[in-house]
Structures are given as structure tokens and as C-alpha cells.
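Undergrad: Before we start, here is the structure in question, set down as C-alpha cells.
The values are calculated or read from the model by the stated rules, or taken from the named source; none is laboratory data. Keep in mind that this is a model prediction, so the values were computed, not measured. Cβ placement follows ideal geometry from the backbone for every residue including glycine, while neighbour counts extend to all protein chains displayed. We work out accessible area using only protein heavy atoms, side chains counted, and drop any ligands, DNA or RNA first. Shrake-Rupley method; radii C 1.70, N 1.55, O 1.52, S 1.80 Å.
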Amino acid sequence: MSKHLLRVENIYKSFGDNDVLRGISFHLDKGETKVIVGPSGTGKSTILSLINMLVPPDKGHIYLEDIDITRTRDVHKIRQNIGFVFQDFGLFNHLTAKGNVMIGLTKVKKMGKKEAEEIAMEELRRVGLENFADQYPAQLSGGQKQRVGIARALAMRPKLILFDEPTSALDPELTGEVLNVMRKLATEGMTMLIVTHEMGFARTVADELIFMEDGVILEQGLPEKLFTNPEHPRTREFLFKLTDLYNEGER
Amino acid sequence: MEGTLVTIKLASISLLLGFCLGLPMAFGQVYGNKVIRGIISVYERIARSIPLLVILFLIFYGLPAVGIRIPAFTSSILALGLRGAAYQSQIYRGAIQSVSGSQMRAALSLGMNRLTAFIYVILPQAVRAAIPPIGNEAAIVLKDTSTVYAIGVSELLRQGHYFISTGSDPMTIYLAVAFIYLVMTIFIKGLLALFERKYRIPGIGIEGES
Ligand SMILES: Nc1ncnc2c1ncn2[C@@H]1O[C@H](COP(=O)(O)OP(=O)(O)O)[C@@H](O)[C@H]1O
Ligand SMILES: [Mg+2]
């Protein structure tokens with residue numbers, strides 16, 4: 001019925017008597033970058049977990065192209081199409097940077113070692129880490145680790161990538177290198193759904209901004225509109241506060 | 001010395017038995033349901049609370065009362081192995097749990113199923129975490145094989161005893177026995193260090209930087 005790559009329709013989710021999501025709807029087109037912002041504990045990570053099929057919704061549907069991924073049984077198959085970049089990187093500590101990028105190709109896509117290696121190197125180059133291919137996670141800086149995490153997601157050639165506060169665990173001087181990689185991906189036409197507190201990034205890179213609070217979307221639209229002329233007073237309050245707070249992090 | 005060989009046999013077979021039982025028990029503890037977890041933890045509690053000698057006597061002297069007769073050597077293996085399983089299970093469980101949950105999550109996000117993720121992501125890291133405590137356990141089991149002396153298995157200690165009863169100087173013999181245990185323990189430690197070096201992940205640990 002539609003051309004949207006991802007369609008989130010009226011999602012409800014509770015944990016016990018904690019109603020975390022209360023009717024979330026939005027969509028994402030191919031090549032689009034959307035940024036979700038909102039106070040912590042609002043359910044942003046929960047949305048990403050739902051899209052990644054780590055938890056089922058209580059109500060509502062999520063469609064990836066034409067497949068209702070809340071009803072599918074091919075969980076592992078569909079997850080290959082959805083990249084995930086974690087706040088804590090989630091790198092496999094016993095593998096080199098290259099090994100981390102390769103493992104999904106060899107063990108999930110059953111690709112030959114040589115081909116996987118080529119793709120891994122290509123993706124590491126894309127995030128500027130071709131010279132760190134043989135380093136282990138413990139030998140990398142936080143920013144480098146996260147770039148490996150992005151390369152690992154990219155190597156699977158996903159239809160979209162989810163980012164859950166990819167720079168929140170980083171020292172301020174390291175956020176820039178990660179944001180720059182993400183910015184580059186956006187211009188290259190990667191489809192991305194990003195949860196972040198980096199307002200400068202959100203404002204300049206997002207095609208659309210989603211402002212969430214207490215399990216509902218209060219407002220979504222062009223970043224410029226939300227930043228300069230929001231409909232909801234809470235949007236203004238939140239965005240202004242964070243912009244001040246995080247001004248220095250973004251460059 | 002034959003006794004040394006018997007001791008080595010006792011230690012290695014019972015360690016193997018402990019491994020074969022302990023690893024599935026660890027799986028059950030980590031991934032099993034409530035019932036399985038309950039049963040295993042009761043077993044662990046019991047096996048770790050009874051002195052080895054009592055377990056040994058139960059098997060060797062107790063079971064014949066209900067018509068089960070097990071030779072001394074096999075009884076020894078059973079006692080050491082059944083108790084060892086409880087300790088090894090704990091070691092593997094700790095090792096698996098030491099690999100953080102975010103690793104499993106990351107593996108799933110790549111499209112791996114749980115088994116693949118376990119084999120290629122969790123296990124390689126858990127094995128590394130398990131090496132030092134397993135070396136420890138091996139040394140303990142090795143030394144505890146001397147307990148089976150009590151039911152007449154002629155392992156190292158009993159053989160030493162035999163030499164004394166035929167006229168050798170007790171001090172000399174017991175020192176020799178002690179020395180042999182020491183050598184074997186040092187050998188285990190060396191083996192362990194070798195494994196640790198081989199599987200060391202660069203960047204982690206004291207001599208980490210490369
Ligand atoms: N697996 C879970 N079990 C129970 N409660 C959860 C779980 N995941 C999230 N929550 C709760 O849901 C709420 C929203 O969490 P989250 O989605 O992480 O928020 P955000 O990412 O916006 O900070 C929080 O109150 C959190 O405690
Ligand atoms: Mg969160």
C-alpha cells in the first residue's frame with residue numbers, strides 16, 4: 001500500500017504496569033535519516049528494540065517493506081536487513097576489527113573468507129579505519145570502536161541502520177569522528193533511524209526530527225521547524241535545553 | 001612409579017567426567033528453565049557440601065548395601081568426577097556469564113541465531129575466562145586423588161606407604177611423594193600459562209599492548 005521502507009503503526013508496549021510506549025506511529029523512506037530525541041526513560045531504546053525484534057509489541061504493527069516484522073517467524077533472516085549500532089559498541093572482544101566486521105558475513109551470510117575479508121576492508125576504509133584492521137577492540141579508542149561497530153553493521157548491506165545513542169558513551173572529543181561518519185552515510189543515501197542527544201547533528205543531518213516524551217510522539221517534522229517554530233511548548237523547552245547543554249560536543 | 005600413573009589416570013579421567021557433566025550443567029544453569037536450574041543448583045549444593053571421603057565411602061561401602069557393587073578404582077573416579085562436576089559447572093557458568101549480555105545482543109542483531117552466537121561469540125570468550133579456574137580445579141583434583149587411598153586404590157600415596165611398610169625410611173618416601181605431587185602441579189600450572197598466552201586477547205591483561 002505504500003512505498004515506505006519502514007512503517008511503525010500505533011505501537012503499544014508495557015513492561016508490567018509501566019506503559020512505556022503508548023501509540024507510536026512514524027515511517028521511514030529509503031535514503032532518509034530520521035532522528036528521535038526525547039528525555040531518557042521515554043521509550044526511545046524500546047522502539048529500536050521492537051524494530052530489531054528483540055521484544056514484541058503489545059499492540060500495533062511494524063512493517064519492513066511489505067513484511068509485518070511483528071508477526072514474522074523469520075526473525076534472524078530479517079535482522080540481517082536491519083543494522084544496529086549500540087551505545088556500548090557491542091564489539092566482539094576476541095576478534096580484531098576486521099574479524100568483527102567479517103563474522104556476520106561468514107557465519108550468517110555464509111560468505112567465503114576471502115570475499116568477506118574484501119568487504120570488511122572496504123567497510124573499514126569507509127569509516128577511516130583501514131589501518132586498524134588487525135587491532136582488537138581493547139586496543140582501540142571509543143570513537144574507533146564505534147566506527148568498527150558502524151562498519152560491522154554496514155558490511156551486512158542492511159536496508160536500514162538503527163543507532164541507539166551512538167556517541168553517548170564517548171568522551172566529547174571523540175564524538176566528532178563518529179558523527180562525521182554518520183553524516184557521510186546520510187549523504188551517501190543510507191537509511192538511518194538515530195536516537196541521539198547531539199542536537200547540532202540532529203539539526204543539520206536529519207531529514208526529519210521526532211520528539212518523544214512519555215511514550216508518545218509529541219511532534220515530528222523538519223528539524224528547522226522544530227528548532228525554530230515548534231507547535232508544542234515542550235518541544236521548544238527540551239530542544240533549547242539540550243542545544244545549550246551539548247553545544248560543545250558537536251562541531 | 002606405577003602409583004604416579006594411577007594418580008594421573010584418576011585425575012584426568014575424573015576431570016574429564018567432571019567436564020562432561022559440568023558443561024551441560026552450566027548450560028542448564030544459564031539457559032535452562034526454572035525446574036532445570038533448581039535441580040542443578042540442588043545437586044551443586046549437595047556435591048560441594050559433602051567431604052570427598054564421605055562421597056567415596058557412600059559409593060564404595062554404601063551402595064553395596066542396596067546391591068550396587070562398584071570396584072574401587074571406578075568408585076574413585078565417580079566420587080572425584082561427580083564432585084568435580086559441581087565445581088566445574090560453577091566455573092563454566094561464571095565464564096559464560098562473564099561475557100556480557102550485550103555481546104549476545106550484538107550477535108543477534110547481525111542475524112545470528114542463538115546457537116551460532118553462542119558458538120562463535122560467547123564460547124570463545126568464555127573459554128578464555130575459564131582457563132585459570134580450570135587449572136586451579138585440575139590441581140585440586142590431582143591432590144585430592146590421594147583421598148582414594150582410603151579404599152585401597154594403589155595410587156601414589158598408597159604406593160609410598162607400601163614402600164615404607166617394606167622397610168624404607170618414611171621421611172624419604174613421603175618427601176618423594178610430596179615432590180612428585182609438586183612436579184605434577186607445576187606442570188599443570190605451566191600448561192595453563194601456555195594456554196593463557198596462546199589465547200590472550202591483545203589489549204586485555206597486564207602485558208596487553210602490542
Ligand atoms: N526489558 C525491560 N524490562 C522492563 N522495563 C524496561 C525494559 N526495557 C525498558 N524498560 C523500561 O522502559 C522505559 C523506557 O526505557 P527506554 O526505552 O530504555 O528509554 P529511553 O531509551 O528513551 O531512555 C524505562 O522506564 C525502562 O525502565
Ligand atoms: Mg535509551
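Undergrad: Considering only the stretch A:163-175, state which residues are open to solvent by 10 Å² or more (accessible area, probe 1.4 Å) and away from ligand 2 (no atom under 16 Å from the Cβ).
TA: Taking the stretch A:163-175 first, the residues open to solvent by 10 Å² or more (accessible area, probe 1.4 Å) are A:164-165, A:168-174.
Result: A:D171, A:P172, A:E173, A:L174.
Undergrad: A further question on this structure: What do you reckon, is B:Y61 under 27 Å from B:V99 (Cα atoms) and among the aromatic types (F, W, Y)? Before you say what the answer is, go through the steps one by one.
TA: On the way: under 27 Å from B:V99 (Cα atoms): no; among the aromatic types (F, W, Y): yes.
So B:Y61 fails the test.
Undergrad: Could I ask something else about it? So, B:A72, is that one in contact with a helix residue (DSSP H, G or I) (Cβ under 9 Å, 6 or more places away or on another chain), touching a residue at least 60 places away in the same chain (Cβ under 8 Å) and buried (at least 19 other Cβ atoms within 10 Å of the Cβ) or not? Walk me through it before giving the result.
TA: Values: in contact with a helix residue (DSSP H, G or I) (Cβ under 9 Å, 6 or more places away or on another chain): yes; touching a residue at least 60 places away in the same chain (Cβ under 8 Å): yes; buried (at least 19 other Cβ atoms within 10 Å of the Cβ): no.
In short, no.
Undergrad: Under 8 Å by Cβ, and 6 or more places apart or on different chains, what pairs join a residue from the stretch B:58-69 that is under 18 Å from B:V153 (Cβ atoms) with one that is open to solvent by 80 Å² or more (accessible area, probe 1.4 Å) and of a type in the set (D, E, K, R)?
TA: Every condition considered, the pairs that remain are B:L63/B:R69.
Undergrad: May I ask you to verify whether B:R114 is of a type in the set (K, R) and out of contact with any helix residue (DSSP H, G or I) (no Cβ under 8 Å at 6 or more places or on another chain)?
TA: In short, no.
Undergrad: Additional query: Look through the stretch A:36-49, keep the residues that are touching a residue at least 12 places away in the same chain (Cβ under 8 Å) and within 13 Å of chain B (Cβ to nearest Cβ), and return whichever of them is most open to solvent (accessible area, probe 1.4 Å).
TA: To start, the set of residues in the stretch A:36-49 that are touching a residue at least 12 places away in the same chain (Cβ under 8 Å) comprises A:36-39, A:42-48.
Subset that is within 13 Å of chain B (Cβ to nearest Cβ): A:45, A:48.
Values: A:S45: 52, A:L48: 0 Å².
Ranking the qualifying residues of the stretch A:36-49, first place goes to A:S45.
Undergrad: Can you say whether A:D88 is among the acidic types (D, E) and within 8 Å of another protein chain (Cβ to nearest Cβ), as far as the supplied structure shows? Please lay out each step first, then the result.
TA: On the way: among the acidic types (D, E): yes; within 8 Å of another protein chain (Cβ to nearest Cβ): yes.
Yes: the conditions hold for A:D88.
Undergrad: Let me ask something additional. Just checking, which of B:I164, B:I186, B:I180, B:I173 is away from every other protein chain (no Cβ under 14 Å) and touching a residue at least 40 places away in the same chain (Cβ under 8 Å)? Outline the logic, then answer.
TA: Numbers: B:I164 fails: touching a residue at least 40 places away in the same chain (Cβ under 8 Å); B:I186 fails: touching a residue at least 40 places away in the same chain (Cβ under 8 Å); B:I173 fails: touching a residue at least 40 places away in the same chain (Cβ under 8 Å).
None of the others qualify; the one that does is B:I180.
Undergrad: Outside any loop (DSSP other than H, G, I, E, B) and more than 16 Å from ligand 2 (Cβ to nearest atom): does that describe A:I47?
TA: Numbers: outside any loop (DSSP other than H, G, I, E, B): yes; more than 16 Å from ligand 2 (Cβ to nearest atom): no.
Spelling it out, it is not the case that A:I47 is outside any loop (DSSP other than H, G, I, E, B) and more than 16 Å from ligand 2 (Cβ to nearest atom).
Undergrad: Now a separate question. Could you tell me whether A:T72 is among the β-branched types (V, I, T), within 16 Å of ligand 2 (Cβ to nearest atom) and open to solvent by 10 Å² or more (accessible area, probe 1.4 Å)? Walk me through how you get there before you give the answer.
TA: Details: among the β-branched types (V, I, T): yes; within 16 Å of ligand 2 (Cβ to nearest atom): no; open to solvent by 10 Å² or more (accessible area, probe 1.4 Å): yes.
When the stated conditions are applied, A:T72 does not pass them.
Undergrad: For the structure I just gave you, tell me whether A:P57 is surrounded by 19 or more Cβ atoms within 10 Å (Cβ to Cβ) and more than 14 Å from chain B (Cβ to nearest Cβ). Working first, answer last.
TA: Details: surrounded by 19 or more Cβ atoms within 10 Å (Cβ to Cβ): yes; more than 14 Å from chain B (Cβ to nearest Cβ): yes.
Yes, satisfied.
Undergrad: Hey, another quick one. Take the stretch A:14-27 and flag every residue that is in contact (Cβ under 8 Å) with a residue 24 or more places away in the chain and either farther than 19 Å from A:E224 by Cβ or near ligand 1 (Cβ under 8 Å from one of its atoms) (or both).
TA: Going through the stretch A:14-27, the residues in contact (Cβ under 8 Å) with a residue 24 or more places away in the chain turn out to be A:14, A:19-27.
The answer is A:S14, A:D19, A:V20, A:L21, A:R22, A:G23, A:I24, A:S25, A:H27.
Undergrad: Residues that are surrounded by fewer than 19 Cβ atoms within 10 Å (Cβ to Cβ) and away from chain B (no Cβ under 14 Å): does the stretch A:150-162 have at least one? Walk me through how you get there before you give the answer.
TA: Within the stretch A:150-162, the first condition is being surrounded by fewer than 19 Cβ atoms within 10 Å (Cβ to Cβ), and the residues that meet it are A:157, A:159.
If we keep only those that are away from chain B (no Cβ under 14 Å) as well, we get none.
The answer is no, given that none of the residues of the stretch A:150-162 is surrounded by fewer than 19 Cβ atoms within 10 Å (Cβ to Cβ) and away from chain B (no Cβ under 14 Å).
Undergrad: Among the numbered criteria (1) outside any helix (DSSP H, G or I); (2) touching a helix residue (DSSP H, G or I) at 6+ places or on another chain (Cβ under 7 Å); (3) more than 9 Å from every other protein chain (Cβ to nearest Cβ); (4) not aliphatic (A, V, I, L, M), which single criterion is violated by A:G83?
TA: Exception for A:G83: condition (3).
Undergrad: Of the numbered conditions (1) open to solvent by 10 Å² or more (accessible area, probe 1.4 Å); (2) more than 8 Å from chain A (Cβ to nearest Cβ), B:N113 satisfies every one except a single condition; which is it?
TA: All conditions are met except number (2).
Undergrad: For A:F15, are the conditions met, namely being open to solvent by less than 50 Å² (accessible area, probe 1.4 Å) and within 16 Å of ligand 2 (Cβ to nearest atom)? Before the answer, list the steps.
TA: Values: open to solvent by less than 50 Å² (accessible area, probe 1.4 Å): no; within 16 Å of ligand 2 (Cβ to nearest atom): yes.
Against the criterion (open to solvent by less than 50 Å² (accessible area, probe 1.4 Å) and within 16 Å of ligand 2 (Cβ to nearest atom)), A:F15 does not qualify.
Undergrad: Out of the residues in the stretch A:177-213 meeting the condition of being assigned to a helix (DSSP H, G or I) and open to solvent by 40 Å² or more (accessible area, probe 1.4 Å), tell me which one is nearest to ligand 1 (Cβ to nearest atom). Don't jump to the end; show me each part of the working.
TA: Filtering the stretch A:177-213 down to residues assigned to a helix (DSSP H, G or I) leaves A:177-187, A:199-205.
Next cut, open to solvent by 40 Å² or more (accessible area, probe 1.4 Å) only: A:177, A:180, A:183-184, A:187, A:203-204.
Numbers: A:E177: 24, A:N180: 24, A:R183: 22, A:K184: 25, A:T187: 27, A:R203: 20, A:T204: 22 Å.
The qualifying residue nearest to ligand 1 (Cβ to nearest atom) is A:R203.
Undergrad: Ok, one more. Report the residue count in the stretch A:217-235 for those that are more than 16 Å from ligand 2 (Cβ to nearest atom) and open to solvent by less than 50 Å² (accessible area, probe 1.4 Å). Give the derivation first.
TA: Here is the first cut: in the stretch A:217-235, the residues more than 16 Å from ligand 2 (Cβ to nearest atom) are A:218-235.
Subsequent filtering for residues that are open to solvent by less than 50 Å² (accessible area, probe 1.4 Å) retains A:219, A:221, A:223, A:226-227, A:230, A:235.
Selection size over the stretch A:217-235: 7.
Undergrad: Still on this model: Restricting attention to the stretch A:187-200, which residues are more than 12 Å from the chain's Cα centre (by Cα) and either more than 24 Å from A:E237 (Cα to Cα) or modelled with pLDDT of 95 or more (or both)? Explain how you work it out, then say what you get.
TA: Just the residues of the stretch A:187-200 that are more than 12 Å from the chain's Cα centre (by Cα), to begin with: A:187-189, A:197-200.
If the condition is that a residue be more than 12 Å from the chain's Cα centre (by Cα) and either more than 24 Å from A:E237 (Cα to Cα) or modelled with pLDDT of 95 or more (or both), then A:T187, A:E188, A:G189 are the ones that fit.
Undergrad: Right, next: In this structure, does A:L105 turn out to be open to solvent by less than 40 Å² (accessible area, probe 1.4 Å) and away from every other protein chain (no Cβ under 13 Å)?
TA: Numbers: open to solvent by less than 40 Å² (accessible area, probe 1.4 Å): yes; away from every other protein chain (no Cβ under 13 Å): no.
No, not satisfied.
Undergrad: Of the residues in the stretch B:76-105, how many are open to solvent by 10 Å² or more (accessible area, probe 1.4 Å) and assigned to a helix (DSSP H, G or I)? Steps first, please.
TA: Of all residues in the stretch B:76-105, those open to solvent by 10 Å² or more (accessible area, probe 1.4 Å) come to B:77-78, B:82-83, B:87, B:90-94, B:96-102, B:104-105.
If we keep only those that are assigned to a helix (DSSP H, G or I) too, we end up with B:77-78, B:82-83, B:87, B:90-94, B:96-98, B:101-102, B:104-105.
Counting residues in the stretch B:76-105 that are open to solvent by 10 Å² or more (accessible area, probe 1.4 Å) and assigned to a helix (DSSP H, G or I) gives 17.
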